[in-house]
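The values are calculated or read from the model by the stated rules, or taken from the named source; none is laboratory data. Bear in mind the structure is a predicted one, so any value in this text is a computation, not a measurement. A quick note on method: Cβ atoms are made from the backbone with ideal geometry, for glycine too, and the neighbour counts reach across all protein chains shown.
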2 protein chains.
Amino acid sequence: MKTLINLAAKTPTQYIIVNGTTYAYRRFGNKTGIPVIGFQHFTGTLDNWDPVIINGLAEHREIIIFDNKGIGNSDGETPDNVLDMTKDAIEFIKALGVEKFDVLGFSLGGFIAQYLGVHYSEMVRKIIMVGTAPQGAKVLEGFYDLIARGSQLSPAELFLYIFFTKSENSRSKGREALQRLFERSEDRDKDTAEKAVVAQAKAITGWGVTSDIDVAEIKHPVLIIQGSNDEMMDSDTSYELFKTIPNAILSYYPDSAHGSFFQYPEIFVQQANDFLDKFE
Amino acid sequence: MKTLINLAAKTPTQYIIVNGTTYAYRRFGNKTGIPVIGFQHFTGTLDNWDPVIINGLAEHREIIIFDNKGIGNSDGETPDNVLDMTKDAIEFIKALGVEKFDVLGFSLGGFIAQYLGVHYSEMVRKIIMVGTAPQGAKVLEGFYDLIARGSQLSPAELFLYIFFTKSENSRSKGREALQRLFERSEDRDKDTAEKAVVAQAKAITGWGVTSDIDVAEIKHPVLIIQGSNDEMMDSDTSYELFKTIPNAILSYYPDSAHGSFFQYPEIFVQQANDFLDKFE
């Protein structure tokens with residue numbers, strides 16, 4: 001499953017200071033064309049991107065992953081709403097000098113992806129959304145319950161509980177994915193602080209009662225990826241996103257949950273690279 | 001869009017006689033591994049397979065396309081039900097000496113694919129279904145009406161009406177696809193006779209009121225492809241198929257109808273080859 005050089009494990013973390021906030025990021029891969037920027041899930045840091053996925057994308061393009069404000073090794077205060085997170089991200093991206101980029105938004109990062117498509121459409125070329133949901137998704141009313149149910153679990157079991165189904169097949173793919181997340185042994189990111197987690201949770205539940213954009217306005221090519229059984233986002237909501245966004249491909253993966261692309265990383269990489277290279 | 005050698009246009013039609021029936025077929029491509037066999041749509045013949053698609057598959061595997069009983073240049077009487085069509089297809093496949101194959105079932109061919117997965121599971125390795133529906137699909141009650149509405153159109157307009165949406169983008173991709181279907185200038189197939197068309201129409205509407213299999217029993221890897229706006233099969237029914245078949249990937253293409261893979265042939269070829277090579 002590994003590429004020859006595991007850039008995800010080896011690329012040093014860099015820092016950039018913007019308006020007094022220090023953002024941690026890593027930037028690597030094939031520098032031709034425009035970069036893809038990864039927008040991470042609830043609590044996730046630089047070290048929560050699956051190396052198979054970001055190495056696989058990096059073979060064909062440059063990839064930038066970063067900790068948004070208050071996450072991991074980035075300082076500042078994490079906002080309690082997605083719109084401000086989006087503005088922070090844009091602040092960081094502009095500071096890097098990136099004028100146009102592709103979006104890889106996972107879960108909460110997929111919420112940001114939707115704001116980017118509507119409010120920053122000219123900076124965005126294409127958008128990939130994984131395991132996410134539209135504004136107003138009813139399922140988000142149950143987000144705190146879902147997290148509470150997982151709170152007694154060990155970190156490894158919590159990872160399986162959130163991202164994989166209860167089948168042995170899915171869980172075994174989950175254990176492999178978890179192992180991949182620890183291939184990087186040095187210069188690892190800090191865990192996200194509790195204060196930031198609380199703000200993110202508020203932003204996620206808030207997304208469920210917000211309706212300030214219409215994703216029908218997203219004119220970019222979009223690739224939506226979802227698992228068959230995502231309890232957190234409700235798999236059906238991806239079909240709703242697909243039916244509203246005018247130029248989207250939607251793919252569902254079987255027997256998989258919120259972490260569908262952790263479970264089928266090679267299928268995902270092929271599909272994502274093909275989408276980024278060829279789909280107009 | 002063309003491969004270097006257009007095998008779809010150049011491969012001669014062959015014939016094989018089985019129990020008194022002559023079947024017309026073409027067989028070409030990379031002879032490593034097991035072949036993919038194409039099961040065609042309502043009225044479709046050997047010449048209705050998109051060359052970009054079958055050439056693209058043939059680069060990586062052998063492809064066999066054929067006229068089922070009573071279709072195109074095959075003689076015999078076309079059955080008025082899908083189960084007997086499936087039995088005829090198996091008769092033909094066994095006569096070729098093929099013991100194991102991958103299935104590419106389009107529309108009516110996707111109905112046959114479902115019977116193959118349940119009743120001939122040991123002969124099948126993987127299944128691709130495009131623009132199809134499960135048994136009992138309510139939309140098929142409207143099949144005769146849909147055909148009647150199209151019956152006043154020219155052949156080219158009928159093709160666009162059935163396989164593409166009303167958008168100019170979709171229709172222009174439709175005109176390109178139609179042109180590809182005429183790249184083969186010699187040794188073309190006969191149009192399907194009216195008697196066979198009547199029998200096929202009865203089989204299709206019959207599928208809407210049949211429930212003699214449970215697709216949950218299909219244990220093969222399955223790839224389901226559908227357009228966003230398939231009026232004939234109802235796009236939503238592909239999501240139902242996905243939720244019932246245990247190991248299926250489902251992909252929807254945007255602004256597309258019954259002929260979704262005609263509209264995105266290169267995206268489809270990449271996805272299909274990747275599915276056939278890597279998805280377990």
Filter result (out of contact with any strand residue (DSSP E or B) (no Cβ under 8 Å at 6 or more places or on another chain) and among the basic types (Lys, Arg)) within segment A:95-153: A:LYS138, A:ARG149
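Please state which one of B:ARG171, B:ARG188, B:ARG184 is basic (Lys, Arg), free of Cβ contacts under 8 Å to residues at least 24 places away in the same chain and away from every other protein chain (no Cβ under 14 Å). Don't jump to the end; show me each part of the working.
On the way: B:ARG188 fails: free of Cβ contacts under 8 Å to residues at least 24 places away in the same chain; B:ARG184 fails: free of Cβ contacts under 8 Å to residues at least 24 places away in the same chain.
Of the residues listed, the single one that is basic (Lys, Arg), free of Cβ contacts under 8 Å to residues at least 24 places away in the same chain and away from every other protein chain (no Cβ under 14 Å) is B:ARG171.
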Report, by residue number, each residue of segment B:199-214 that is in a helix (DSSP H, G or I), surrounded by fewer than 20 Cβ atoms within 10 Å (Cβ to Cβ) and either modelled with pLDDT under 95 or of a type outside the set (S, T, N, Q) (or both). B:ALA201, B:LYS202, B:GLY206
Find the residue count for segment A:247-280, including only residues that are over 26 Å from B:THR244 (Cα atoms), within 7 Å of another protein chain (Cβ to nearest Cβ) and part of a loop (DSSP other than H, G, I, E, B). 2
Residue set A:ILE218, A:ILE213, A:ILE224; condition over 16 Å from the mean Cα position of the chain (by Cα), aliphatic (A, V, I, L, M) and closer than 20 Å to A:VAL36 by Cα; output residue A:ILE218
Flagged in segment B:158-190 as surrounded by 22 or more Cβ atoms within 10 Å (Cβ to Cβ) and of a type in the set (Phe, Trp, Tyr), in numbering order, are B:PHE163, B:PHE164
Out of contact with any strand residue (DSSP E or B) (no Cβ under 9 Å at 6 or more places or on another chain) and among the β-branched types (Val, Ile, Thr): does that describe B:THR78? yes
So which residues in segment B:236-245 are surrounded by fewer than 22 Cβ atoms within 10 Å (Cβ to Cβ) and more than 9 Å from every other protein chain (Cβ to nearest Cβ)? B:THR237, B:GLU240, B:THR244
Conditions: (1) free of Cβ contacts under 8 Å to residues at least 40 places away in the same chain; (2) farther than 19 Å from A:LEU57 by Cβ; (3) of a type outside the set (Phe, Trp, Tyr). A:ILE267 meets all but one. Number of the miss? (2)
Evaluate segment A:120-131: report whether one residue or more is over 19 Å from the mean Cα position of the chain (by Cα), farther than 22 Å from A:SER228 by Cβ, among the acidic types (Asp, Glu) and not in a loop (DSSP other than H, G, I, E, B). yes
Is there a residue being part of a helix (DSSP H, G or I) and either hydroxyl-bearing (Ser, Thr, Tyr) or more than 8 Å from chain B (Cβ to nearest Cβ) (or both) anywhere in segment A:218-235? no
Any residue at all in segment B:228-237 that's among the β-branched types (Val, Ile, Thr) and touching a helix residue (DSSP H, G or I) at 6+ places or on another chain (Cβ under 8 Å)? yes
Pairs, please: C-beta under 7 Å, at least 6 apart or cross-chain, first residue closer than 14 Å to B:GLY208 by Cα and in segment B:103-125, second in a strand (DSSP E or B)? B:GLY110/B:MET129; B:GLY110/B:VAL130; B:ILE112/B:PHE39; B:ILE112/B:GLY105
Leading residue by the ranking (farthest from the chain's Cα centre (by Cα)) among those in segment A:246-263 that are in contact (Cβ under 8 Å) with a residue 60 or more places away in the chain and buried (at least 24 other Cβ atoms within 10 Å of the Cβ): A:SER256
Count, please, the residues in segment A:245-267 that happen to be farther than 23 Å from A:LEU181 by Cβ and either of a type in the set (Phe, Trp, Tyr) or in contact with an Asp or Glu (Cβ under 8 Å, 6 or more places away or on another chain) (or both). 3
